[in-house]
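Enquirer: My structure is below; once you've seen it, I'll send some questions.
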Amino acid sequence: MSEQSEQPTYWRRWFLACWAAFVVYMLWYKWNGIHWFSLSDTDDNMRFAQVQALLGGQGWYDLRQHRIDPPGGISIHWSRLVDLPIAALILILRPFLGGQEAARWACAIAPMLAIGPALYGLMLTVRRLVDRWSFFLAGSILACANTTLLMWMPLRVDHHGWQLASLIVAVSGMADGKRFRGGLTAGFATAFSLTIGLELLPYLAVVGALILLWWVIDGAQARRLQGYGISLAAGTAFGYLVFGSFDNEQMLCDALTPVYLSTLVGAGAILFALGALPIARRWQRIAAAILAGGAILGFYAGAFPQCLGRPEHLSPEADKLWFSHIKEARPLYQHGWRVAFPTLSLSVVGVVGAAWSFWRTRGTEKAIPWALVFLLSLFSALLLFWQTRAGPGSQLMGVIGATALGWPLVTWTLDHRNMLIRIFGTVAVFLLVSGSFSALIVKNVPEHKSAYRVKVDLASRRCPTLPALKPIADLPPATILTFIDLGPRLIAVTHHDAVAGPYHRASDAILDVQHSFRNPDPEFAHDVMRRHGASLLLICPGFPESTVYLSEAPKGFYAQILHDQVPAWLQPVKLPDGSPYRLWRRIK
């Protein structure tokens, strides 16, 4: 058998081996967290609560979370797509492990499923754009992209890992030499991501725009444009009909609703039609592309003017009191150099590598795919100066450019006759192109934390733990007024309900909690508890959210109860010695 015929099977075996290696490492890294079911992020806890509700009989299209602000609940802008693998794993494992262990291991396994298509798409992309063996380097660099890798760690059951996988699969479609198949890949990956959520919409819009531009430059790309158009239209329609929710039938701007469904289906139909038309001259394709883009944008702006601004539609008050304090929504430079330096290093290397590769391949069929990688890398790196949440996507795109930059250097050092250059040169090149040098610097520079910061970090770790919440979980079911960021954890691991959670569609409940803890008049909190049917008040001194109340409302209700200025309508509930919580019962 020839090398050419053996190569596809050979390559897929390496992919499976790399995927298995990632899984083994991740399980080792998160073993203690799996044991303690440490769903550390609010969205992970809410996702698990949504799956619990689904398995408990809640309707497939009903995504309201009825245990936040009961009995009506709050509207969650997600879809059921990411719930599916978690629920399926629980049902498969339950007969063998029992209910609790099945849930624990389903949440451990599900995120690692998403790294499979991400790793495949990444390796496929660099094979097509860099070198057929460069996937070894790409996989190694990805293993050092800590911000990205965290999105696929066990228990990270939120949807971001799946969206990152769809982004890199879309890029691999752009790099596919088989045009129609490449267009189908990019279109279906786009539809998959948008069915989950709109977080990567700006990235995916760039993918679609460049596929159209490629057709303008080269009419032979008509089949890629057709494949993209038909899969985009069909994929988004299928995603909306099968995985959408009743709440998303409204003309809302924060999810795949009729707003984006109509726009994307129309855009897909227009792009397919352009690819099918026999337009031979470039100037005619330019005119057709301008008309098509104008029609798509004009329809969206004219039909849905309410969606031209921020998709969350938060009130200025909710934005000021709550949203502006979300860490991942802040610019990277506000997080300090220990966070900014490791996040930016790989992103910057990736931008440089992609720019160099685009310049080197100009005039070839690889130029447009490299233009896409460069634009997405640059765009995501710049987004870091707006919101830190762009970090995982920025590092993931950076891996492609970093591989292109590092591959010729690594192959040169490995082939060098000098053993010292082969060993130390290769290590030095890898540390440079992977951005790992920044992590080493951060790790070896001592960090001084104030006593206050140590207290906050300790509360942040202890409060969400199962042992800390167990005495509260042992109490009869109740609705609890507590911090917004504790709401999802509370409903995920106890039978209690919460007044609010950190979800923008529930801004009224969020403001009720904000005002309760900030207002100097305890009667405001009293009224909120009565209106929401809350019989318990729970705080965790030092929890990060509480620091905002102390700093911005030093005479507010939270500051009062923290210093034992407790109104008569609250009765203390005894908790075990050493508990990080303080709890009161409303008695009237």
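Read-outs: derived from the displayed coordinates by stated rules, not from any lab. Remember, predicted model here, so these are calculated numbers, not experimental data. Cβ sites come from the backbone with ideal geometry, for glycine too, and all protein chains shown count toward neighbours.
Enquirer: What label, among (i) 80, 63, 49; (ii) 63, 57, 56; (iii) 88, 64, 49, belongs to Cα extents along the principal axes in Å computed from the structure on display?
Expert: Computing Cα extents along the principal axes in Å and matching it to (i) 80, 63, 49; (ii) 63, 57, 56; (iii) 88, 64, 49 gives (i).
Enquirer: Setting aside same-chain residues fewer than 8 positions from Lys574, which aspartates and glutamates have a Cα under 15 Å from its Cα?
Expert: Those aspartates and glutamates meeting the cut-off are Asp474, Asp564.
Enquirer: If you don't mind, another one. Applying 1/(1 + (r/R0)^6) with R0 = 51 Å to the Cβ-Cβ distance of His35 and Ile217, what FRET efficiency is obtained, to the nearest 0.05?
Expert: 0.40
Enquirer: Going by average Cβ density within 10 Å per residue, which order do the peptides 153-163, 88-98, 249-259 take, highest to lowest?
Expert: Output ranking for 153-163, 88-98, 249-259: 153-163, 249-259, 88-98.
Enquirer: Hey, rough spin-label estimate for Thr465 and Gln334, points 7 angstrom out along Cα→Cβ, what's it come to in nanometres?
Expert: Going by the 7 Å Cα→Cβ label model, 3.0 nm.
Enquirer: Same structure, new question: At 7 Å along Cα-to-Cβ for each site, give me the label-to-label distance between Ala451 and Glu312 in nm.
Expert: Inter-label distance under the simple model: 3.5 nm.
Enquirer: Follow-up. In terms of Cα to Cα distance under 30 Å, which lysines are near enough to Lys320, apart from those fewer than 8 places away along the same chain?
Expert: Lys320 reaches Lys449, Lys455, Lys555.
Enquirer: At a Cα cut-off below 16 Å, give the lysines reachable from Lys366, other chains included and same-chain residues fewer than 8 away excluded.
Expert: Lys178
Enquirer: Using only the Cα atoms of region 344-442, build the gyration tensor, take square roots of its eigenvalues as a ≥ b ≥ c, and label the shape rounded, prolate or oblate: rounded if a/c is under 1.5, else prolate if a/b is larger than b/c, else oblate.
Expert: It comes out oblate by the Cα gyration axes.
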